[in-house]
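Data block below; observations after.
The values are calculated or read from the model by the stated rules, or taken from the named source; none is laboratory data. For clarity, every value in this text was computed on a predicted model and none was experimentally measured. Here Cβ is always computed from backbone atoms with ideal geometry, including for glycine, and neighbour counts include all displayed protein chains. We work out accessible area using only protein heavy atoms, side chains counted, and drop any ligands, DNA or RNA first. Shrake-Rupley method; radii C 1.70, N 1.55, O 1.52, S 1.80 Å.
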Amino acid sequence: MTSPNPPSPGNIATFNILHGLPEALVRGMRSSFLQDSDYHHLTQCETLDDIRLNLTESDYAEALADSSTMTPASLQKAAIDKLVTEFKYLRTQTVEPLAKFLDFITYEYMIENVMLLLKGALSGRDINELIAQCHPLGMFKESTMRSIPTFDNSARGYADLYQTVLVDTPVGPYFALFLQESAHHRGADARNVLEEVEIEIIKSSLIKYWLEDFTYFVEQLGGDTATIMGELLKVRADTNAINITLNSFGTPLNEPEMRTSDRKRLYPAVGHLYPVGTCMLVDVQDEEELGRVLDLFPQYSAIWNMHASGSGDKSIDDGFYERDVQMLELAFESQFHLAVFYAYVKLKEQEIRNMVWISECILQQQKDEINKFVPVFSQHSPWRLGKKH
């Protein structure tokens, strides 16, 4: 967990003393995003080779230079590897508290990787295949990664897994919290918990602890970092709460007893929905009731109504992505705060999703769907043009 009193990142007079170089670097990296003209050219491509040819004129030229064949998967891997290289370079240029802030960003990917390995181990998948699918920003040393699928499928095996793998990772405290809370809630020994709980429920719990811990950390930093990054994390927590509720419909989590016990524990204790909204979500049992709750929160009612109408071309995830891009872009419009580093990573991930979507549409000859992506720093974004979603 975070230290109680992290050092201040500084203010307008002192920020650049410690963080001026990495902030200048990340703001310079803004110029590497694809422009509207790049997206126009990509959507006009007929083959994946055309996409690679167009990307040779972008910041991805070097990353794709060694690719013998172009596929959506290879494009995604090359783009992610490029992002990871940039992130690690930024990390080498930092001191506290920015160093810890960047570490917090990686904890999300560590959680996803551990859950991927756990799920793969339970289903008997090959460890090499699983490691290849792990996100590079959340990697541990190889011996740790390979030790996860070696445990026995027994109470003792799970206890050994926790002692030898989970505790030794930076996200170990989140696993410890989950095991303690689950053991207390279920009245059983912690070593039996993993046998009884679905992997996705475990993942949602760990992400919840991470969001709460990250929020506490940025609040301790204070200043514009607490204001801007705190808002980003609140919205992220609310999105998780809405998705957890929506995805629980038609599953055991939506049964009355499970709603008030297991599902309730998955809602983050931060965000605009907390505590009134999350308390109301506990009693929600279908989409109609969820809509009535979200109508009380203007920042989410428009996105939900777009989803509920079923008449638009956008899903609720598309609505969340558009809102996130707007908020993340705004993080670049002010200075002397740390949120810009988080914004850069998340906006690059959106750009990668855009490129993969376009390449998939071309590969599957679904050109009618090709423009359903969310461009980054686009001059034609609805919010830049003053339009409402």
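So here's what we get for this one:
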quantity: Yes/no for residue 122 being touching a helix residue (DSSP H, G or I) at 6+ places or on another chain (Cβ under 9 Å), in a helix (DSSP H, G or I), modelled with pLDDT under 90 and of a type in the set (A, V, I, L, M); calculated: yes
quantity: Among (1) at pLDDT below 95; (2) surrounded by 15 or more Cβ atoms within 10 Å (Cβ to Cβ) - the single one residue 14 does not satisfy; calculated: (2)
quantity: Index of the failed condition, residue 354 passing every other in (1) open to solvent by 50 Å² or more (accessible area, probe 1.4 Å); (2) at pLDDT 95 or above; (3) among the polar types (S, T, N, Q); calculated: (1)
quantity: Enumeration of residues in segment 176-200 that are surrounded by fewer than 21 Cβ atoms within 10 Å (Cβ to Cβ), at pLDDT 80 or above and closer than 22 Å to residue 251 by Cβ; calculated: 181, 200
quantity: Meets criteria (of a type outside the set (A, V, I, L, M, F, W, C), more than 27 Å from residue 380 (Cα to Cα), surrounded by fewer than 19 Cβ atoms within 10 Å (Cβ to Cβ) and more than 20 Å from the chain's Cα centre (by Cα)) for residue 92; calculated: yes
quantity: Residue count for segment 302-331, restricted to those that are aromatic (Phe, Trp, Tyr) and either open to solvent by 20 Å² or more (accessible area, probe 1.4 Å) or in a loop (DSSP other than H, G, I, E, B) (or both); calculated: 1
quantity: Per-region count, segment 107-129, residues closer than 30 Å to residue 18 by Cα and either touching a residue at least 60 places away in the same chain (Cβ under 8 Å) or of a type in the set (Asp, Glu) (or both); calculated: 4
quantity: Given (1) more than 19 Å from residue 341 (Cα to Cα); (2) crowded, with 16+ Cβ neighbours inside 10 Å, number of the condition residue 36 does not satisfy; calculated: (2)
quantity: Check on residue 341, touching a helix residue (DSSP H, G or I) at 6+ places or on another chain (Cβ under 9 Å) and assigned to a helix (DSSP H, G or I); calculated: yes
quantity: Top-ranked residue in segment 135-169 [being modelled with pLDDT of 85 or more and among the hydroxyl-bearing types (Ser, Thr, Tyr); ranked as nearest to residue 105 (Cα to Cα)]; calculated: 169
quantity: Considering residues of segment 44-85 that are of a type in the set (Gly, Ala, Ser) and part of a helix (DSSP H, G or I) only, the residue nearest to residue 344 (Cα to Cα); calculated: 79
quantity: Residue 116 vs. criteria under 19 Å from the mean Cα position of the chain (by Cα), open to solvent by 30 Å² or more (accessible area, probe 1.4 Å) and over 29 Å from residue 30 (Cα atoms); calculated: yes
quantity: The listed residue being at pLDDT 95 or above, within 24 Å of the chain's Cα centre (by Cα) and among the β-branched types (Val, Ile, Thr), out of 293, 376; calculated: 376
quantity: Helices (runs of 4 or more DSSP H) lying entirely in segment 204-297 (those with 1 or more residues that are polar (S, T, N, Q)); calculated: 223-248, 276-282
quantity: Which listed residue is touching a Lys or Arg at 6+ places or on another chain (Cβ under 8 Å), in contact (Cβ under 8 Å) with a residue 24 or more places away in the chain and β-branched (Val, Ile, Thr), from 228, 202, 207, 244; calculated: 244
quantity: Which listed residue is under 28 Å from residue 206 (Cα atoms), of a type outside the set (Asp, Glu) and under 25 Å from the mean Cα position of the chain (by Cα), from 6, 72; calculated: 6
